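To start, the structure itself, in structure tokens.
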Amino acid sequence: MSEHSPAPAHPVLRLGMLTPSSNTVLEPETQALLAPLAGAATAHFGRFRVTQIGLDAAAEQQFALEPILVAADLLADAKPSVIAWNGTSASWRGFDTDERLCAEITARSGVRATSAVLAFNAAFAALGVRRLGLVTPYTADVQEAIRRTYAAHGIEVVAEAHVGLRDNYSFAEVTEDRVAAMCREVAVARPDAIAIVCTNMRGARRAAALEAELNIPILDSVAVTLWGCLKAAGMQTTPLRGFGRLFDL
């Protein structure tokens with residue numbers, strides 16, 4: 001094939017991803033992670049409005065099912081093999097919220113569905129995680145809700161670091177260096193894995209270097225969601241192993 005040959009008309013795999021409207025990290029990060037697959041898989045994004053993260057009624061209302069399902073319906077028009085909710089709200093709202101959402105997406109579209117949190121749970125199971133380090137941009141009350149959610153499912157958060165932000169857009173302004181410093185902070189407790197929980201936080205491209213430094217699996221939400229999508233679609237993830245141990249699972 002010459003350098004001027006067109007790309008294949010039908011990529012092997014299309015991944016549909018639902019993203020909070022104010023998120024600016026997950027799309028470029030996902031595209032960077034997909035680069036080693038050389039066009040064998042492509043990502044396609046749909047948005048619904050999410051601007052604030054909190055435990056109050058206004059923040060909760062952003063995750064009402066119908067607007068998310070409408071966005072998923074539009075993504076389904078692109079005929080993806082998988083649709084993922086690329087957000088972490090079930091980590092504080094309860095895993096059942098993502099289970100219901102994914103079931104509804106599949107019932108309406110016929111497309112298998114997953115989410116960041118469901119993929120996290122699969123990765124934790126594969127790694128045998130019982131002691132977790134938690135890194136987020138969230139406020140203390142959201143962080144505590146995440147801790148309670150995982151405690152109820154047998155995973156203890158043994159160390160945590162959070163920034164204390166509520167505005168979803170602002171999460172993207174937390175630098176990679178700060179995220180790395182937070183990972184180092186929680187690594188002191190020697191958890192089984194460190195989870196960077198937020199798909200608008202910059203951790204995916206530093207995960208492999210941090211793993212080499214800390215000798216602890218680093219699970220970034222954007223990377224975990226992509227891993228979950230590729231696994232759901234039956235595609236090998238090992239070409240992405242340069243981005244961390246996750247992709248060797």
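Key figures for this structure:
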item: Net charge of Cβ neighbours under 11 Å - reference V117; Lys, Arg +1; Asp, Glu -1; result: -2
item: Residues in the stretch 193-219 reached by a label modelled at H153 [backbone nitrogen below 18 Å; 7 Å Cα→Cβ]; result: 193-199, 218-219
item: Residue order, fewest to most beta carbons within 10 Å, for V70, V82; result: V70, V82
item: Low-density loop positions, trypsin sites (Lys or Arg not before Pro), the stretch 89-168 - DSSP coil, at most 14 other Cβ in 10 Å; result: R130
item: Most mobile of N23, N215, N200 in a GNM of the chain (Cα contacts under 10 Å); result: N215
item: Of T149, T88, T199, the one that fluctuates the most in a GNM where the chain has Cα springs shorter than 10 Å; result: T149
item: For V50, distant residues with modelled amide H under 5 Å away; result: S21, S22
item: Sequence-distant residues sharing a close amide H with R130 (under 5 Å, placed H); result: D192
item: Amide proton proximity set for F45, modelled H, under 5 Å, gap of 5+; result: M17
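Values quoted throughout were computed directly from the atomic coordinates according to the rules given, and no laboratory measurement underlies them. This one's a predicted model, so the numbers in the text were calculated from it and none came from an experiment. All Cβ positions, glycine included, derive from the backbone under ideal geometry; neighbour counts span all protein chains shown.
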